[in-house]
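The values are calculated or read from the model by the stated rules, or taken from the named source; none is laboratory data. Predicted model, so just to flag it, every value in this text is computed and none were measured. So basically every Cβ, Gly included, is an ideal-geometry build from the backbone, and we count neighbours across all protein chains shown.
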Amino acid sequence: MNKISKIFLVTIFSVILFGCGKKPTTTAPTPQPKVYEIPLDQRPYVSITPRRYGHMLYLKIINIPSNISQIEYELLYTAIDNGNEIEKGVGDTIKEINKSVERSLLLGTESCTNGCKYKYDTGIVGGTITLSFISNNNQIATYQAPFTLKSATDIKKDNNTISLSAENFSIKATIAGGGYYVLLKNYNNNYSVFGSSATNSKFVSISPDTITKSTPSLVGDYLISQ
């Protein structure tokens, strides 16, 4: 057998071996959740209540539909650090779901290496809250809304007003005592105010005037007229 024939046979044999080798495996892509809308009358109610000094927010979600298996939450806000504005955030996934869930959201950092020490963020005036409700059959409904965080002192300084500029919504009030307040657009499309303490603060006027409230208290739900 001449040299050319030998080279030809070696080449054919190599091709056969390569063709009979292990075929490459492919990984099936992870199915993405299908986006859907929770009917308005079945949507959970969301509250974000500030603690007395505004360093922590208490997130509570109630009336969660029975088909929800997970909730992802993310709170983003702008703080002031050394004179500069920086975006901060806190978030997690809640996998143990009942009719209601609760989480404490620290606006700052915590170190518990040798006793717990806290560094609180400052200059916070609000941000956005995002909740993703994931169902048993891998569907996802997302709620995202702006919120305002304001101390009683700052409300008084701002002509006794707390507002959501992105929503063109504002409340003028008489403020009693101190503490902090949160104003947000709730998942049920109404507006809600939550306070750090039970005070006698009352609203004076609402803009636009198509929004109503059944009680004089500043804290509570403000209903959009249908």
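Observations on the structure shown:
- Leading residue by the ranking (surrounded by the most Cβ atoms within 10 Å (Cβ to Cβ)) among those in segment 93-132 that are acidic (Asp, Glu) and touching a residue at least 40 places away in the same chain (Cβ under 8 Å): Asp121
Residue-by-condition table, conditions (1) in a helix (DSSP H, G or I); (2) surrounded by fewer than 14 Cβ atoms within 10 Å (Cβ to Cβ); (3) in contact with a Cys (Cβ under 9 Å, 6 or more places away or on another chain); (4) of a type in the set (S, T, N, Q):
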position: Ile134; (1), (2), (3), (4): no, no, no, no
position: Thr142; (1), (2), (3), (4): no, no, no, yes
position: Thr153; (1), (2), (3), (4): yes, yes, no, yes
position: Lys172; (1), (2), (3), (4): no, no, no, no
position: Asn188; (1), (2), (3), (4): no, no, no, yes
position: Ser192; (1), (2), (3), (4): no, no, no, yes
position: Ser197; (1), (2), (3), (4): no, no, no, yes
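- In segment 181-205, residue nearest to Ala152 (Cα to Cα) [restricted to those that are in contact with a Gly (Cβ under 9 Å, 6 or more places away or on another chain) and of a type in the set (Ser, Thr, Tyr)]: Tyr181
- Residue within segment 105-116 that is in a loop (DSSP other than H, G, I, E, B) and at pLDDT 90 or above present: yes
- Some residue of segment 170-185 being touching a residue at least 24 places away in the same chain (Cβ under 8 Å), under 22 Å from Leu57 (Cα atoms) and out of contact with any strand residue (DSSP E or B) (no Cβ under 9 Å at 6 or more places or on another chain): yes
- If the condition is being of a type in the set (Ser, Thr, Tyr) and within 21 Å of the chain's Cα centre (by Cα), then segment 152-192 contributes Ser163, Ser165, Tyr180, Tyr181, Tyr187, Tyr191, Ser192.
- Test: residue in segment 70-92 that is in contact (Cβ under 8 Å) with a residue 12 or more places away in the chain, loosely packed, with under 14 Cβ neighbours inside 10 Å and assigned to a loop (DSSP other than H, G, I, E, B): no
- Among the numbered conditions (1) touching a Gly at 6+ places or on another chain (Cβ under 6 Å); (2) at pLDDT 95 or above, the only one that Ala141 does not meet is (1).
- On the stretch given as segment 199-226, residues that are part of a loop (DSSP other than H, G, I, E, B) and charged (D, E, K, R) total 2.
- Checked against the criterion of being hydrophobic (A, V, I, L, M, F, W, C), modelled with pLDDT under 85 and over 15 Å from the mean Cα position of the chain (by Cα), segment 75-97 has no qualifying residue.
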